[in-house]
1. Nearest 20 debye, what's the magnitude of the dipole of region 1-55 about its Cα centre given +1 on Lys and Arg Cβ and -1 on Asp and Glu Cβ?
2. Mind giving me the nanometre distance, one decimal, between the label points for ALA73 and ASP35, set 7 Å out from Cα along Cα→Cβ?
3. At 7 Å along Cα-to-Cβ for each site, give me the label-to-label distance between PHE28 and VAL48 in nm.
4. Cα to Cα, under 13 Å, and not fewer than 8 places away if on the same chain: which aspartates and glutamates meet these conditions relative to LYS74?
5. At a temperature of 10 °C and a viscosity of 1.306 mPa s, determine how fast the chain diffuses translationally according to Stokes-Einstein, using the Kirkwood radius over alpha-carbon pairs as Rh; express D in µm²/s, rounded to the nearest whole number.
6. Go through VAL90, GLY34, GLY46 and say which Cα lies farthest out towards the positive end of the charge dipole of the chain; charges sit on Cβ, +1 for Lys and Arg, -1 for Asp and Glu.
7. Mind pulling the angle between the C-alpha long axis of helix 58-113 and the longest principal axis of the chain? Nearest 10 degrees, somewhere in 0 to 90.
8. Per residue Cα convex hull volume for region 38-97, in cubic angstrom?
Amino acid sequence: MTMIARMRLCLTAARDALVPDGHQNAAFLYAAIGDEIPDDAAERFGLVDGLLPGAPDEAAIEAERRAQEEADAKRAADEQAEREAEAAAVEKAEADIAAEKAEKPARSRKKAEG
């Protein structure tokens, strides 16, 4: 039975081993996702279910990438909310100071009139 590649596989320059696409020793593309791999090659290179032993498939890599993007987006949203809360606190403090300054002359007039 022919195996189907579940990740991009590359041959090394010596063509004696398969490595994941992007690996420092990758020299030639051997199979893209969905390509058929002959049984003898799957056995020779030790492929398991279209993957190199221990290597995550493209779906797992994509899921990890999405999870990282979501974590980054959440962190950015949390940071934005924190900045907005700090700005609101500064604005309130400034308003309180302005209100206190406005009350001082009124209290001083009351004492003088009193």
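Just so you know, all these numbers are worked out from the coordinates, no wet-lab data involved. Quick caveat, the model's predicted, so the values are computed rather than measured. Backbone-built Cβ (ideal geometry, glycine too); neighbour counts: all protein chains shown.
1. Working: 4 positive and 8 negative charges, 42 e Å.
That gives region 1-55 a dipole magnitude of about 200 debye.
2. If labels sit at ALA73 and ASP35, their model points lie 3.3 nm apart.
3. About 2.7 nm separates the two model spin labels.
4. GLU82
5. Values: Rh = 19.5 Å.
Result for D is 82 µm²/s.
6. VAL90
7. Tilt relative to the chain: about 10 degrees.
8. Values: hull volume 3.6 nm³, N = 60.
Value for region 38-97: 61 Å³ per residue.
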